[in-house]
Amino acid sequence: MCGIFGYVGKRNNASEIIFEGLKTLEYRGYDSWGIAVRIKNKKEFILDKNTGKITAPNLNKNKFKKNSDFAIGHTRWATHGRVTVKNAHPHLDCTKKIAVVHNGIIENYEVLKKDLIKKGHSFLSETDTEVIPHLIEENLKIEGFASSVRDAFNLLKGFNAIVVSFAPSSEIVACKTGSPLIAGGGDGEFFIASDISAILPYTKKVVFLKDNEMVILGKKLQIFSLPKGIKIKPKIEKIEFKVEEASIGKYKHFMLKEIYEQPKVIVNLAQNYTSEIKFLSGVIENAKGTFLIGAGTAYNACLAGVYFFSKISHKHVNTAFASEFNYLEDFLNKNSLVMALSQSGETIDVIESLNRARNKKSKIAAITNVLGSSIYRMANYKFLLNAGPERAVASTKAYAAKLSVLLLLSYSIIGKTEKAKKMLLDTAKEMERILNDNKSKKKIKEIARLMSLNSHIFVIGRGVSYSASLEAALKIKEVSYIHTEGLAGGELKHGPIALISRGTPCLVFAPKDETYDSIISNATEVRARGGVIIGISPQNSSAFDYWIEVREIEEGSYIAQIVVVQLLAYYIALYKKLDPDKPRNLAKSVTVK
Ligand code: F6R
């Protein structure tokens, strides 16, 4: 949540660099944004703050464009304070020499603010962040810049990441107790960002800042521990990454690009991770109790995993929303395994759950898409999805990747990894067919148009397809703003069927598995009450008003069938003239509670 980007160095277009970086980071928060720029040889910052999407900053239109060597920027997802220009970051101190951008929530900001007001500081915004530059301004009366930042940061309660620049010093100081920060560079210039993708166009050498660390970027890169400030040797990592992976290419939206990337992601997982899968499935087998945790789409993947492990490996595995896990953790002990699924590797609820698991000495496994992310680093056992950067807020390819890994693990436990690999290759082919077959696409668009005219949509499935129903409903609601509910088919008659009226669209997952007959009965019941049934199935049925074919690939069908709903969600958003990449009120990575 919130994107941070900072530059200090030898170039003279810092404002442009920050602007480009913020565009890359915009998916992390997009209600407002801002840049603080120092014009060369001046000793204070000038601000350019705006609400809404990132457009060309005013600063770029004039003399700053080619005359700035020091700048920080921020793209915001509001926590404290409304979405206004004043509340957008960066925030300055009274002297305008200190500029701060922040990700997180300062739990004790009210006390700090009262104290600073008593000391004569004036505040321009409603944010918690604004206490930081003023605290630093106070500390600067008695100590140097870096220690002023450190001492101010040590006063903040909560999980926070801050990047501070001090115009007279040409130094950036950043600290964190939560939320990602990655520093990179060398050779006379440094960058710092919330996400590696903003830095990689400039350098492949990066340092992932750990929690309770501070970095100073100036003439060199130095790391110190918090709260005390003891020097630590930086661990510089070289990142192999193709910039084009993060660019939109020929697609109109990242969501569509990422939907189309899924076959490639699945083939990669099927072909290249046999030993990692064998190792991790061994860990699961030996654990005395495994808990899968995640949030949102990642939780929906966890739930699919529970069915996979039961159905394929005959193994009992638990799951919970990461945010609910602390009410269920009492039985954990040193023999338990907590397996976190997270695309970003930065979801705060997951991190908190893992901290608790660690306190109970349980082992932690992480299945994540971001190398060096907090969750990746916390884990005893790490598995990287290698799905490439996911930029659309609605998760698509990471979901397919998580399901593929869970399928491989479930089959590996029973010694049949090769069967799962073959199944995944067939799944990728089926996905390609759905994605590229003009007839299927035409039908999907037609159904999307019909659905876009409704205010309620239902999705039903049983077994693994129940978890798919939850994921389908989440995908549709988040990009189309249409109320969509995913339900277990058997639960309809226990209440929700009261909501079905004439013309209500109901998506039905009906793969040819043990759920088929029962889910068709449920579809018939909905249809009898006026619902319009859209069947996603290998075969047509008299229960369906519309049928979208997903061919039979055993458990691979559960992965292939989701692509249909991802496309439906995407096209519903387009019919409603919404931006599917940046749904309202959301941000890609949820780093605050
Ligand atoms: C939905 C979506 C979210 C995320 C959730 C967890 O499309 O993207 O529900 O799945 O915020 O995020 P990660 O996987 O990064 O932990």
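The values are calculated or read from the model by the stated rules, or taken from the named source; none is laboratory data. Please read these numbers as outputs of a predicted model, since none were measured by experiment. Neighbour counts run over all protein chains shown; Cβ positions are idealised from the backbone, glycine included. Note: accessible area is taken over every heavy atom of the protein model, side chains too, but ligands, DNA and RNA are not part of it. Shrake-Rupley method; radii C 1.70, N 1.55, O 1.52, S 1.80 Å.
A few notes on this one:
- In a reduced charge model with +1 at each Lys and Arg Cβ and -1 at each Asp and Glu Cβ, the chain shows a dipole moment near 1280 debye about its Cα centre.
- Accessible-area rank, largest first, for ARG358, ARG462: ARG358, ARG462, with all protein chains present and a 1.4 angstrom probe.
- Residue-level accessible surface for THR51, protein heavy atoms, 1.4 Å, Å²: 70 Å²
- Shape category assigned to the stretch 284-332 from the gyration tensor of Cα positions, a/c cut at 1.5: oblate
- Segment LYS593-HIS80, extension gain: residue separation times 0.36 nm, minus the distance between their alpha carbons: 183.4 nm
- In the chain, the longest principal axis of the Cα atoms and the axis of helix 14-25 are about 20 degrees apart.
- Positive-pole candidate from SER467, ASN540, THR591, dipole of the stretch 437-593, charges at beta carbon: THR591
- A Cβ-based charge dipole, computed about the Cα centre of the stretch 437-593 with Lys and Arg at +1 and Asp and Glu at -1, lands at about 800 debye.
- Calculated FRET efficiency for the pair LYS264/ASN154, C-beta based, R₀ 45 Å, to 0.05: 0.45
- Computed from Cα positions, the angle between helix 516-528 and the longest principal axis of the chain comes to roughly 90 degrees.
- Placing unit charges on each Cβ (+1 for Lys and Arg, -1 for Asp and Glu) gives the stretch 74-192 a dipole about its Cα centre, and among PHE159, CYS175, HIS80 the Cα reaching farthest toward its positive end belongs to HIS80.
- Extension gain (nm, one decimal) between LYS442 and LYS53, 0.36 nm per residue minus Cα-Cα: 136.9 nm
- Coarse-grained scattering of the chain at q = 0.07 Å⁻¹, given as base-10 log I(q)/I(0) from a Debye sum over alpha-carbon atoms: -0.44
- If the chain linking CYS94 and ASN272 were pulled fully straight, counting 0.36 nm for each residue of separation and taking away their Cα-Cα distance, it would gain 58.5 nm.
- Degrees, to the nearest 10: 274-286 long Cα axis against longest axis of the chain: 80 degrees
- Separation of alpha-carbon centers, the stretch 425-449 and the stretch 88-162, rounded to whole Å: 52 Å
- Positive end of the dipole of the stretch 248-436 (Cβ unit charges, origin at the Cα centre): among ILE414, SER342, LEU384, the Cα lying farthest that way belongs to ILE414.
- Within the stretch 88-192, the trypsin sites (Lys or Arg not before Pro) that combine a DSSP coil assignment with at most 12 other C-beta atoms in a 10 angstrom radius are LYS119, LYS141.
- Heavy atoms of HIS483: accessible area, 1.4 Å probe, square angstrom to 10: 80 Å²
- Label separation (ARG358 vs LYS219): 3.5 nm, computed from points 7 Å beyond Cα along the C-beta direction.
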